[in-house]
Amino acid sequence: MNGTGTLKRIAVLVSVGSHPVSGAARFSRNDAAALEIARTLAKTCQAALDVVHAGDPSNPALTDYLALGAERIDVLACSDGDDAVPALAKRVQGCDLVLTGTRAEGAYDTGMLPYRLAAALGYPLIGSAVDVSVDNGRAAARQFLPKGLRRRVDAALPAVVAVHPLANAAPRYAYARLRAGSIVTNPTAMQKDSEAAQWSVARAERKPVKLAAAEKRSGHARMLSATTTESRGGSVVIDGSSVEKAQVILAYLREHQLIDY
């Protein structure tokens, strides 16, 4: 993440995430990784660091970013249905490097904000970055690719970088920084999103996972079973009490390691 070069001003865009179990508002893990990378670059290159959020300035989740190292958060007040991209582009105009998470954590977020922001600014975009360095007026990043692959890409500054959730960053929470930081609201004229009236927002529900025993037969045996009729094993329990039948089911689940108790 370290680097040197003509980096004078960095902006980090942060959003409000949600806890995967309780659904409570908290910091976004993607944006927290982007903030940690930006803090390291700002310290190395002696650059100014701006942390920007578009949304509700009273949201308690914003204080998490103060504890993670943001000295100040500039909030562009907006509501649901507003298009924040024009206001964000105007706010970060002139920054040498703009970092943001790959996508927000509201369930079905589009992940289009980095692309729309880069298009509005006229900056090149590097997506899915797991580390970022700056040297000789260029930003270089290692990109996350499927199946464990990585590749190095670079772009001339100024640039927008979308940070992948598996980035090489380890944010640390410090309560003292939370108390020392500040959240400042900047009144901004927002534009309504032309497609907001067509949106339908609902809470995401996780579908139940079906238990299935792992296939232990060889490939040859599985191919034969596709052309012949054969017994797949198992047992049919008709007689006995409900307790005895439950014990048979538990024994099957333990045998195939579908439960661990």
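Nothing in this text is a laboratory measurement; each read-out follows from the coordinates by a stated rule. All values reported here derive from a predicted model rather than from experimental measurement. Neighbour counts are summed over all protein chains in view; Cβ atoms, including those assigned to glycine, are modelled from backbone coordinates with ideal geometry.
The table that follows gives values for the structure above.
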read-out: q = 0.07, 0.08, 0.11 Å⁻¹, the chain: log10 I(q)/I(0) [Debye, one scatterer per Cα]; value: -0.38, -0.47, -0.69
read-out: Simple label model, 7 Å out from Cα along Cβ direction - VAL243 to THR44, nm; value: 6.6
read-out: Cα centroid separation - region 42-118 against region 5-23, whole Å; value: 6
read-out: Highest-MSF residue in the chain out of ARG39, ARG172, ARG91 [GNM, Cα springs under 10 Å]; value: ARG172
read-out: Region 9-198: relative contact order in percent, alpha carbon pairs under 8 Å with at least 6 residues between; value: 29
read-out: Nearest-0.05 FRET efficiency for THR185 and TYR252, computed from C-beta distance (R0 45 Å); value: 0.15
read-out: Proxy reagent accessibility, fewest Cβ within 10 Å first, across VAL236, VAL201; value: VAL236, VAL201
read-out: GNM flexibility winner over the chain from ALA87, ALA251, ALA25 (Cα, springs under 10 Å); value: ALA251
read-out: Compactness index (Cα Rg / 2.2 N^0.38 Å), region 32-106; value: 1.12
read-out: Sum of -39500 (n - 2.57) over DSSP H runs of 4+, divided by residues of the chain (222 nm, nearest 500); value: -7500 deg cm²/dmol
read-out: Counting all C-alpha pairs of region 96-166, share separated by more than 14 Å (%); value: 57
read-out: Over region 1-150, equivalent-ellipsoid semi-axes from the Cα gyration tensor in Å; value: 23, 18, 16
read-out: Within a Gaussian network of the chain (alpha carbon springs, distance under 10 Å), most fluctuating of VAL21, VAL163, VAL134; value: VAL21
read-out: Theoretical FRET efficiency, 1/(1+(r/R0)^6), r = Cβ-Cβ of TRP199 and ASP135, R0 41 Å, to 0.05; value: 0.45
read-out: Inter-label distance, nm, simple model (7 Å from Cα along the C-beta direction), LEU149/ALA120; value: 3.3
read-out: Exposure proxy order (Cβ contacts within 10 Å, fewest to most) of TYR175, TYR252, TYR65, TYR123; value: TYR175, TYR252, TYR123, TYR65
read-out: P(r), alpha carbons of region 140-225 - 5 Å bins starting at zero, rounded %; value: 2, 6, 7, 6, 8, 13, 17, 16, 7, 5, 4, 3, 3, 1
read-out: Placed amide H near ILE126: partners under 5 Å, 5+ positions off or other chain; value: VAL160, VAL161, ALA162
